[in-house]
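Asks: Let me give you the structure first, and then I'll get to my questions.
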Amino acid sequence: MNCPECGAPEILCKPRFDEFLVLEFTDAGYGVVHHLTVAAYMLQHSSKLTREGWLHMRGLLREFLVENKPPAFIRRQNRDLVDSGKRKFKIASKDGVPIINKSAWMKTILDVRTGNAEVYCEDVTAWAKSVLEEAELIAI
Ligand SMILES: [Zn+2]
């Protein structure tokens, strides 16, 4: 069975995401794209988010990729995402129902190679750009 949200075969996206988070937290060379990995994965798996959370995530991804916000800004955003006390809305969905209706994407997390930090960062960035491109066409 394919993932009903990103379309990855045999729902391999979830273990791959968990594996990537470990990689990013243990190796700084991989960790530089952590914000992109999380935003791209979450946008493709909208059942984990509220509508406001999804829109917020899409806005962040645009700021990271299109507006090229500096790393300090990104770190602050990451912190705010974790610290729910600063937010006026909930990010995480309680009902687990997808808020977008899309199950086929040009790229998924399975398109990311992990051989070394350089190709990893390159592929995560390409995946995130492709997700943003498609997510911006979705009206919710
Ligand atoms: Zn998936």
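The values are calculated or read from the model by the stated rules, or taken from the named source; none is laboratory data. Treat the numbers as computed from the prediction; the structure is a model and nothing was measured. Because the Cβ atoms are built from the backbone with ideal geometry, glycine has one as well, and the counts that use them run over all protein chains shown. These accessible areas exclude ligands, DNA and RNA; they are computed on the full protein's heavy atoms, side chains included. Shrake-Rupley method; radii C 1.70, N 1.55, O 1.52, S 1.80 Å.
Asks: Quick check on region 66-115: of everything there that is among the β-branched types (Val, Ile, Thr), part of a loop (DSSP other than H, G, I, E, B) and out of contact with any Leu (no Cβ under 8 Å at 6 or more places or on another chain), which residue is farthest from residue 140 (Cα to Cα)?
Replies: Restricting to residues being among the β-branched types (Val, Ile, Thr), part of a loop (DSSP other than H, G, I, E, B) and out of contact with any Leu (no Cβ under 8 Å at 6 or more places or on another chain), the top hit is 112.
Asks: Considering region 117-140 alone, what residues qualify as being open to solvent by less than 70 Å² (accessible area, probe 1.4 Å), outside any helix (DSSP H, G or I) and in contact (Cβ under 8 Å) with a residue 40 or more places away in the chain?
Replies: Of everything in region 117-140, just one residue is open to solvent by less than 70 Å² (accessible area, probe 1.4 Å), outside any helix (DSSP H, G or I) and in contact (Cβ under 8 Å) with a residue 40 or more places away in the chain, namely 140.
Asks: Restricting attention to region 4-56, and to residues there that are of a type in the set (D, E, K, R) and farther than 24 Å from residue 139 by Cβ, which single residue is least open to solvent (accessible area, probe 1.4 Å)?
Replies: If we take residues in region 4-56 being of a type in the set (D, E, K, R) and farther than 24 Å from residue 139 by Cβ, then 24 is least open to solvent (accessible area, probe 1.4 Å).
Here's the yes/no breakdown for (1) at pLDDT below 95; (2) within 12 Å of the chain's Cα centre (by Cα):
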position	(1), (2)
19	no, no
32	yes, no
41	no, yes
48	yes, yes
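Asks: Residues that are surrounded by 14 or more Cβ atoms within 10 Å (Cβ to Cβ), touching a Gly at 6+ places or on another chain (Cβ under 6 Å) and at pLDDT below 90: does region 87-100 have at least one?
Replies: The answer is yes, given that some residue of region 87-100 is surrounded by 14 or more Cβ atoms within 10 Å (Cβ to Cβ), touching a Gly at 6+ places or on another chain (Cβ under 6 Å) and at pLDDT below 90.
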